[in-house]
Amino acid sequence: MQQHGRYLDLTTDYGFKHVFGMELHKDILISFLNELFKGKKVITDLVYNKNEHVGDTLKLGSVIFDLTCTTDDGSQFIIEVQRSEQDKFKERTIYYASKLISDQAPKGKRHEWGYVITEVYVIAIMDNFHFSDTKDYLHDICLCNRQTGEIFYDRLGFIYIELPNFNKTSEQLTSVLEKWLFVLKNMVKLNKLPNFLDDPIFQKLFQIAEYSNLSKREKAMYDVSLKRKWDEYSLLTSATNRGIRQGLQQGLQQGLQQGLQQGRLETLKENAQNMLALGLDLEIISKSVGLSIDEIKKLCN
């Protein structure tokens, strides 16, 4: 029998999609995305597209969906949301963005299309793995001039959220976005809606994410997703521990070999010095101890 918290783990495939991937309560995702764009975009509506990508590995799962967003000025752009660890992560996000762009071209009528490209953004939420070597939890990436830093093209962007680097407590939160990230990472640990999240959108989110409100079928699906996450974490931890143990063993073996080599060299030098003290010829000493004549001369000095 699995042990559950009161609320869903939003870093599981099912928990994430149950809250953010349903058009019925898309206002939750709209609120989160508007905080993420920090005023650069103001989303008023979004449509969940039907071309959801199914992961090409068991580990990836089906955790990606496309969104067509409409802004307050009537313009539209496409967002792809991801939430999973993947090999060659950066390359995959670039591939997905490129595919969203290439899919806009009408087949056989590209010359009439005129390369009128809708804006494309990829948003990736990372749990239990890292995007970079920095301690930043938010990475806003775009195409820019390498020399001047000037933005070269502002209609293609990548936003990476590194949850392992977000370690703020409730008292340290300074923005609504940080409240969202706190919820993403910690909701499963909470047993009630905290006072600092007492806002209509968070109230709705917590109600939707309450485990007891799921149907029997939904609970079964969540249980499978939760077990998959635990299994993946267990495998990752085991692999990491094996790597540490192997590294220690290799280090000990290398250290032992280096120690033996160093000890052997010291012994040879001591023997050579003793022979020098007896006045033996350098060539004879060299052949006896296996050191070059130059090395023996250094010992003489």
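The values are calculated or read from the model by the stated rules, or taken from the named source; none is laboratory data. Because the structure is predicted, anything quoted here is derived from the model rather than measured. Every residue, glycine among them, receives a Cβ derived from its backbone with ideal geometry; neighbour counts consider all protein chains shown. The accessibility values were calculated without ligands, DNA or RNA, using every heavy atom of the protein model including side chains. Shrake-Rupley method; radii C 1.70, N 1.55, O 1.52, S 1.80 Å.
Taking T148 as the residue in question, decide whether it is of a type in the set (V, I, T) and loosely packed, with under 10 Cβ neighbours inside 10 Å. For T148, the condition - of a type in the set (V, I, T) and loosely packed, with under 10 Cβ neighbours inside 10 Å - is met.
Would you check which residues across region 271-301 are open to solvent by 70 Å² or more (accessible area, probe 1.4 Å), modelled with pLDDT of 70 or more and either outside any helix (DSSP H, G or I) or of a type outside the set (V, I, T) (or both) and list them? Passing the criteria: Q273, D281, E283, D294, E295, K297, K298. Within region 162-206, being open to solvent by less than 50 Å² (accessible area, probe 1.4 Å), without any contact (Cβ under 8 Å) to a residue 60 or more places away in the chain and under 24 Å from the mean Cα position of the chain (by Cα) holds for E162, P164, N165, F166, S170, L173, E178, L181, F182, N186. Those strands (runs of 3 or more DSSP E) of region 11-99 in which at least 2 residues are more than 16 Å from the chain's Cα centre (by Cα) and modelled with pLDDT under 85, considering only elements entirely within it, cover 65-71, 76-82. Among the numbered conditions (1) open to solvent by 30 Å² or more (accessible area, probe 1.4 Å); (2) touching a strand residue (DSSP E or B) at 6+ places or on another chain (Cβ under 6 Å), the only one that T134 does not meet is (2).
Just to verify a result, which residue in region 207-228, among those that are free of Cβ contacts under 8 Å to residues at least 24 places away in the same chain and part of a helix (DSSP H, G or I), is surrounded by the most Cβ atoms within 10 Å (Cβ to Cβ)? Here the residue is K219. Can you say whether Y153 is on the phi < 0 side of the Ramachandran plot, without any contact (Cβ under 8 Å) to a residue 60 or more places away in the chain and within 23 Å of the chain's Cα centre (by Cα), as far as the supplied structure shows? No; evaluated as a whole, the condition is false for this residue. Does region 128-146 include one or more residues that are modelled with pLDDT of 90 or more and more than 22 Å from K40 (Cα to Cα)? Yes: one or more hits.
Annotation: I117 fulfils all but one of (1) part of a loop (DSSP other than H, G, I, E, B); (2) open to solvent by 50 Å² or more (accessible area, probe 1.4 Å); the unmet one is (2).
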